[in-house]
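Novice: This structure is in structure tokens; I'll ask about it shortly.
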Amino acid sequence: MNKFLVIGNPIAHSKSPIIHQQFAKQLNIKMTYDKCLLESEEFEVEIKKMFADGLSGTNITYPYKERAYNLCDQVSARAELSKAVNTLYMKDGVLCGDNTDGQGLVQDLLFNKLELQNKHILIIGAGGAVRGCIPSLLEVKPAHITIANRTKGKAMQIVTEMGSDSLSAISLMDVRNNYDIVINATSLSIYNEVPEMNPCVFENAIAAYDMVYSQQENAFLKWALANNSGIKVIDGLGMLVEQAAEAFYVWHKVRPNTEKIRDFLVNS
Ligand code: ATR
């Protein structure tokens, strides 16, 4: 039977197994999908060993996406741009990598009926999460994407690498109030903290999005609502489901329906 994993550290909280198992059931595909904790020093060696032992594919999560990219023999165009990989598989003896995070974000924004074309998007953070998403966000032709980061140099580096006129970098301190969609891609919400920036960013925005999903109330989205009661707030649950659906498609070449699992996860 085909065997799949999600690998990270920590990994106990991961909802990927339940999502992929539901997709497999829906499409009548026989496979297993489990969580796997890997310690930092064993990552590369273990991945190679697992594939040599017949692993069909693995999702890679925090903190290994950049290391997974470096391990690949071949990567997709979107993974090359983002320099991070969340989906690994073996093809003709070659270790291949892809990045489905950006597609997951865009699909979820569209699922939430947000118009993206010609809109001004602010994305906060400049880590792997942002790198992974920029190529897919650029594809939907927004008017502009501003990357705001505490360390401006990291945001500037991404802008230089992506080479698009629709992108610019600013310091977190320089955010303004002229964005349509505000996306938090820092990991602060995990710790119930919000970035130190002027909350005027929410004033004229249609939506605030946080890539983090947890059962607790999301501090960033709560803050957005406190500064604009009419703003639409969306957490990272849908992105999680949609990036999984895209990874499932990469592996199995069939696209699962994502609506049922969304309802299931919200109510479980
Ligand atoms: P990931 O791969 O999940 O994106 P990361 O690469 O560690 O994680 O990046 C974390 C992001 O959160 C960075 O943009 C980081 O800002 P810096 O580049 O300045 O470090 C941002 N971040 C983390 N803690 C923060 C804080 N207290 N305030 C503002 N931004 C923060």
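Novice: Please give, to one decimal in nm, the separation of the simple spin-label points placed at Asn70 and Lys154, each 7 Å out from Cα toward the Cβ.
Specialist: 1.7 nm
Novice: Per-residue HN-Hα couplings for the stretch 119-129, Karplus 6.51 cos²θ - 1.76 cosθ + 1.60 at θ = phi - 60°, whole Hz, x for Gly and Pro?
Specialist: Values, residue by residue: 9, 9, 10, 9, 10, 9, x, 8, x, x, 4 Hz.
Novice: Also: Would you pull out the residues with amide H under 5 Å of Leu167's amide H, same chain only if 5 or more places away, H placed 1.01 Å from N?
Specialist: For Leu167, the qualifying residues are Ile145.
Novice: Provide Rg and Dmax in Å for the chain, with only Cα atoms included in the calculation.
Specialist: 18.2, 54
Novice: State to the nearest 20 debye the size of the charge dipole of the chain about its Cα centre, where the only charges are +1 on K and R beta carbons and -1 on D and E beta carbons.
Specialist: Numbers: 26 positive and 30 negative charges, 93 e Å.
It comes to approximately 440 debye.
Novice: With the contact rule set at Cα under 8 Å and sequence spacing of 6 or more, what percent relative contact order holds for the chain?
Specialist: Computed over the chain, the figure is 15 percent.
Novice: Using alpha-carbon pairs under 8 Å, 6+ residues apart, how would you state the relative contact order of the stretch 204-250 in percent? Please list the in-between numbers first.
Specialist: Working: 42 pairs, mean separation 20.7, N = 47.
Dividing the mean separation by the residue count of the stretch 204-250 yields 44 percent.
Novice: Filter the cross-link list Lys30/Lys253; Lys152/Lys222; Lys35/Lys91; Lys48/Lys83 down to pairs whose alpha-carbon distance in this structure exceeds 24 Å.
Specialist: Lys152/Lys222
Novice: If amide H atoms are built 1.01 Å from N in the plane of the peptide, which residues on other chains or at least 5 residues away come under 5 Å of the amide H of Val6?
Specialist: Under 5 Å from the amide H of Val6: Asp34, Lys35, Cys36, Asn59.
Novice: Which whole-number percent gives the relative contact order of the stretch 102-235, counting Cα pairs below 8 Å spaced six or more residues apart?
Specialist: So the answer I get is 21 percent.
Novice: Right, here's the next one. With θ taken as phi - 60° and the coefficients 6.51, -1.76 and 1.60, list the Karplus ³J(HN,Hα) couplings across the stretch 180-188 in order, rounded to whole Hz; mark glycine and proline as x.
Specialist: For the stretch 180-188, the Karplus-derived couplings read 8, 10, 10, 10, 8, 10, 7, 8, 4 Hz, x marking Gly and Pro.
Novice: Name the long-range amide H neighbours of Val75: under 5 Å, sequence gap of 5 or more, or other chain; modelled H, no Pro or chain starts.
Specialist: Close amide H contacts, sequence-distant or interchain: Gly97.
Novice: Can you grab the distance from the C-alpha centre of the stretch 127-190 to the C-alpha centre of the stretch 232-254, Å, no decimals?
Specialist: Cα centroid of the stretch 127-190 versus Cα centroid of the stretch 232-254: 21 Å apart.
Novice: Put a dot 7 Å past each Cα toward the Cβ at Asn28 and Glu217; how far apart are the dots in nm?
Specialist: Modelled inter-label distance: 4.7 nm.
All of the numbers you see were taken from the coordinates with simple rules; none came from a lab. It should be emphasised that the depicted structure is a prediction, and the values quoted were computed from it without experimental measurement. Positions of Cβ are backbone-derived with ideal geometry, glycine not excepted, and every protein chain shown enters the neighbour counts.
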